[in-house]
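The values are calculated or read from the model by the stated rules, or taken from the named source; none is laboratory data. Please read these numbers as outputs of a predicted model, since none were measured by experiment. Counting neighbours? That spans all protein chains shown, and the Cβs are built from the backbone with ideal geometry, glycine included. Surface accessibility is based on the protein's heavy atoms, side chains included, excluding ligands, DNA and RNA. Shrake-Rupley method; radii C 1.70, N 1.55, O 1.52, S 1.80 Å.
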Amino acid sequence: MNQTLAAGLAACLLSLSPIAPAQDWPAKPVKIISVFPPGGSVDQVARIFAAQLQTQLGQPFIVENKGGASGSIGAAAIAQAPPDGYTFGVVFDTHGVNPSLIPGLPFDTLKDLAPVMLVGTSAMAVVAHPAQPFKDFRDVLAAAKAKPGSVAYGSIGTGSLGHLALAQIGNQAKVEFTHVPYKGGGPLMIDAVGGQVPLAVGTVFLVNPHVKAGKLKALAVTSMNATPQMPGVATVAEQGVPGFSALAWWGVIAPAGTPAPIVKRMYDELTKALKTPAVAEKLTAQGMDIVGGGPADLDKFLRAEIERWAKVVRDNKIKAGD
């Protein structure tokens, strides 16, 4: 009789255990891994969320930067972290490219990481130092056609969406660019503003503060339609590459196996944060279109991105380290 009662009590406790952590969570500081270095858009998104989540939940949310290898080093750290609800990560569009770009990733992007939220998307912009002769993107295409390989541009890294977008533009327009990879948005912007690289491609989120300050000039955006954050800047599609469109994106993930109730609680708290005017204003002012999609939305979106950009990587024979 006692054994039966004990077994029944144990079953009840087991059935309740996934719920209990969400009620008590967080009971200690939470780590948010930014998979790119300080200064870029991923770092900014992580820090905007961390500050607001700390206010909402009363526990420290600590941002840890683990950059390198197009965000895969940080993603590996998230995948290898204990799935206890105390490690999350902010990833970028490279997260959907790395499975086809980097052979032998030490994790399975779809199996070892749990989707939490598709935060938002953004157009990218092609920008130049004011001293460069280009008035718009048509001038860039003309220069590249006149002398193949003579036009160099920087991106946040090999296989980044900016890199793939310019590679695809080159294919469609039948021109050749020279790619200069950087280790994140911060280092890229330092060299772009300093004139060390003629052109740069990055999210509106990343480049717009420098455009507004007059330190860079915007030549084109990669969305299908013009973006209100950069009024008067024409799209790539309008400047000689018909039909072209590519959007950057940000997502929040967790280690696979993180209890579903904690993932839901984190999603709910992130949703609450996005509805806070100060948070929404900081993100939209920099060019992000807030999506706020749930775990299923991010999973579906990510699978489509992996398939889409794998073809571009194959077609252009892009390899990590190029």
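Note on region 292-313: residues that are within 22 Å of Pro103 (Cβ to Cβ), modelled with pLDDT of 90 or more and open to solvent by 90 Å² or more (accessible area, probe 1.4 Å) amount to 2. Criterion applied to Leu283, Leu270, Leu274 was being open to solvent by 10 Å² or more (accessible area, probe 1.4 Å) and of a type in the set (A, V, I, L, M), and the one residue passing it is Leu274.
Among the residues of region 207-221, those that are hydrophobic (A, V, I, L, M, F, W, C) and not in a strand (DSSP E or B) comprise Val207, Val211, Ala213, Leu216. Being in contact with a Leu (Cβ under 6 Å, 6 or more places away or on another chain), open to solvent by 10 Å² or more (accessible area, probe 1.4 Å) and farther than 25 Å from Gly185 by Cα is a property that Gly257 lacks.
Screening region 61-80 for residues that are touching a Lys or Arg at 6+ places or on another chain (Cβ under 8 Å) and in a helix (DSSP H, G or I) and picking the one that is surrounded by the most Cβ atoms within 10 Å (Cβ to Cβ) gives Gly74.
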